[in-house]
1. Filter the strands (runs of 3 or more DSSP E) completely within the range 27-69 down to those with at least 1 residues that are open to solvent by 50 Å² or more (accessible area, probe 1.4 Å), acidic (Asp, Glu) and closer than 25 Å to residue 354 by Cβ.
2. Six or more apart or on different chains, Cβ under 6 Å: which pairs go from a residue in the range 318-339 that's surrounded by fewer than 20 Cβ atoms within 10 Å (Cβ to Cβ) to one that's part of a helix (DSSP H, G or I)? Could you list them?
3. Of everything in the range 335-374 that's closer than 23 Å to residue 36 by Cα and charged (D, E, K, R), which residue is farthest from the chain's Cα centre (by Cα)?
4. Across the range 80-96, what is the number of residues that are open to solvent by 30 Å² or more (accessible area, probe 1.4 Å), in a helix (DSSP H, G or I) and out of contact with any Gly (no Cβ under 7 Å at 6 or more places or on another chain)?
5. Only one of 135, 125, 103, 99 is surrounded by 17 or more Cβ atoms within 10 Å (Cβ to Cβ), small (Gly, Ala, Ser), farther than 22 Å from residue 305 by Cα and at pLDDT 95 or above; which?
6. Which members of the range 342-378 meet the condition of being open to solvent by 20 Å² or more (accessible area, probe 1.4 Å) and aliphatic (A, V, I, L, M)?
7. Could you list, in sequence order, all residues of the range 12-26 that are in a helix (DSSP H, G or I), over 23 Å from residue 366 (Cα atoms) and open to solvent by 70 Å² or more (accessible area, probe 1.4 Å)?
8. In the range 249-277, what residues are more than 18 Å from residue 397 (Cα to Cα) and in a loop (DSSP other than H, G, I, E, B)?
Amino acid sequence: MSESHARDALGAVDAKETFRRVRKHFSPALAVAGKFSGQGAVEASSEGSRVTLSDGRSVLDFGSYAVALLGHRHPAVVEAVRAQLDALPTSTRTVQNAAAPLAAEHLTAYLGGGLNRVYFGCGGADAVEVALKLARLATGRTTVVAVRGAFHGKTLGALSLTHNERFRAGLEPLLRDVVHVDPEDPEAVAKVVAEREVAALFFEPVQAENGVRVLDGEVLARWCRDAREHGALVVSDEIQVGLRRCGARSLALEAGLAVDAVLLGKPLGGGVVPVSAAVGNDRLFAPLLADPMLHTATFSGHPLGTGVIPTALAAIEEHAEDGERIAAALAAGLAEIRERYAEVVVETRGRGLLWGIDFTTAEVSGNVLAALAGSGLVVSPCISRPTTVRLLPPITASDEDVKEALSLLGGAIAQAAAGV
């Protein structure tokens, strides 16, 4: 299809037919939710901080579940994808190609070089699954420590680490020997390792799906020390919060935490292609070093996904200072909103380009989302904490974008507060 024909096809998106197909082939509930969010329209095209809907409206995207860190269709990323598409979009899987090894070299250097091994997946849960599997194999132990409120994905292994009962119901027993500890207890890991042979500790430095809960740095440092002294491996899941989303390339590495792996995803493909990574050391990856066929997937390290990583990392770094500016503006604006609407806003909290607004009830939160649906601002609900709404702006957002987002958010909260 030519570029002009592609644009014509996008412009002719039929929302009614799209929702019919969603109902028929996916879920009626999914169609209802999408119709509500888009006010009867569907996505047609996107660029920068904005998404154009099928009815012609342009909405500001401060959501996208952390994927669009570079905004939509970042020019350098799109060009890198096109170049890879024209050269080698997929792999024979028997002959090596340059894309994945080059991406691994860039990614390990980007994180400082201390973690030198990489496994590429397509989604965040892929990275969690391989880290979990390798930790058990590398240590010969089965017990894994995770954190209350954690979200690590919904595939069965990752779901064993995810804490929310909503996603676990009807599927248990999951993996045996997973212990969820209190995020505020500095001695939590020490207590577990005193009683069990622990393979690994998994944590998110910021629990994005749990209402944007920033874990205490001193508690994490103590946990990491206790785990490592016991011989357990330590994995920092930064799939949603790393790569400058929360300011640092890696929150764990910036804090000097003793980790054996950092998991990355979401914006790693520049917001264009799906790719994730488990970046670890030789100890964690020892089983794969001994037998590289121990854990494989057809599209692991596929060229179209990995080929864009060097460009995406470079683009993120080019905008690092912009991220600091946006973060400061959001922090100030949200503090003002909290003070102005104290009757319905319990707390605003976050770090960098990830912020949560916690409301008094799930009903108020839902009313805010309903108001935003018609106002032109896209945000991300918290699937594990329905009282919280998240803002995840692009690192490329302009000052005008931030002002518009805060204005629309304030208006939606005012409308919700009036109904209380």
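1. Values: elements: 43-47, 50-53, 58-61.
It comes to 43-47.
2. 329/402; 337/410
3. 363
4. Qualifying residue count for the region: 5.
5. Working: 125 fails: farther than 22 Å from residue 305 by Cα; 103 fails: farther than 22 Å from residue 305 by Cα; 99 fails: farther than 22 Å from residue 305 by Cα.
The conditions single out 135.
6. If the condition is that a residue be open to solvent by 20 Å² or more (accessible area, probe 1.4 Å) and aliphatic (A, V, I, L, M), then 342, 346, 362, 369, 370, 378 are the ones that fit.
7. Once the filter is applied, which keeps residues that are in a helix (DSSP H, G or I), over 23 Å from residue 366 (Cα atoms) and open to solvent by 70 Å² or more (accessible area, probe 1.4 Å), the range 12-26 yields 16, 20, 21, 24, 25.
8. Within the range 249-277, 249, 250, 255, 256, 257, 258, 259, 260, 265, 273, 274, 275 meet the criteria.
The values are calculated or read from the model by the stated rules, or taken from the named source; none is laboratory data. Quantities reported herein were computed from a predicted structural model and do not represent experimental measurements. Positions of Cβ are generated from backbone atoms using ideal geometry, with glycine treated the same way; all protein chains shown enter the neighbour counts. Note: accessible area is taken over every heavy atom of the protein model, side chains too, but ligands, DNA and RNA are not part of it. Shrake-Rupley method; radii C 1.70, N 1.55, O 1.52, S 1.80 Å.
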